[in-house]
Amino acid sequence: MLNEKELIIRPMVQESVQHNARVISNIRALTASLFGVAAGTLGLESWPGFIFYFIGTAVVSVLIFALKAEQNAAAFFFRPTTDLWIGDMFGGLMSFVLTWTLFYGLCKA
């Protein structure tokens with residue numbers, strides 16, 4: 001958490017923080033669907049499919065941290081741990097399962 005002196009030196013603009021959270025949410029929703037397509041096409045079942053999703057989500061988080069946040073997540077997010085690394089991980093899970101079962105059914109039919 002930022003203290004008062006740091007907020008005076010580097011103020012947090014609420015609109016920018018909200019925009020960054022929306023961008024991360026959109027990226028996670030899109031990649032969750034893409035991971036579902038990949039898992040269904042590969043024919044993954046049960047735990048391997050969920051492990052595939054969580055590993056893929058971790059890779060996306062690392063890529064966002066390295067490429068978009070320029071390896072300084074505290075400058076772009078109010079709570080970097082929850083907003084960048086954990087946020088929307090379980091929200092995208094439903095999109096993943098939906099596309100996973102759809103493409104699994106299409107490929108196995």
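Accessible surface comparison of Ile27, Ile51, probe 1.4 Å, protein chains only, largest first: the order is Ile51, Ile27. Once every Cα of the stretch 50-109 carries one equal point scatterer and solvent is ignored, give the base-10 log of I(q)/I(0) from the Debye formula at q = 0.23 Å⁻¹, two decimals. These q points yield log10 I(q)/I(0) values of -0.91. Among Val17, Val62, Val23, the sequence by solvent-accessible area, most first, with a 1.4 Å probe is Val62, Val23, Val17. Computed with a 1.4 Å probe over protein heavy atoms only, the accessible surface of the stretch 14-108 comes to 61 Å² per residue. Taking the C-alpha atoms only, the angle from helix 91-108 to the longest principal axis of the chain is near 20 degrees. Here the alpha carbons of the chain define both size measures, Rg and Dmax, at 16.8, 62 Å. With respect to the chain, whose longest principal axis is taken over its alpha-carbon atoms, helix 14-42 is tilted by about 20°. Largest accessible area first, the residues Phe77, Phe54 order themselves as Phe54, Phe77 under a 1.4 Å probe with ligands, DNA and RNA left out.
Assuming charge only on the beta carbon of Lys and Arg (+1) and of Asp and Glu (-1), the dipole of the chain about its Cα centre is about 120 debye to the nearest 20.
Counting only protein heavy atoms and a probe of 1.4 Å, the accessible surface of the chain is 68% carbon and sulfur.
The values are calculated or read from the model by the stated rules, or taken from the named source; none is laboratory data. Worth saying up front: this structure is predicted, and the values here are computed from it rather than measured. Heads up, the Cβs are rebuilt from the backbone with ideal geometry, glycines too, and the neighbour counts pull from every protein chain shown. The protein model used for the area step is the full one, side chains on, heavy atoms only, and it has no ligands, DNA or RNA in it. Shrake-Rupley method; radii C 1.70, N 1.55, O 1.52, S 1.80 Å.
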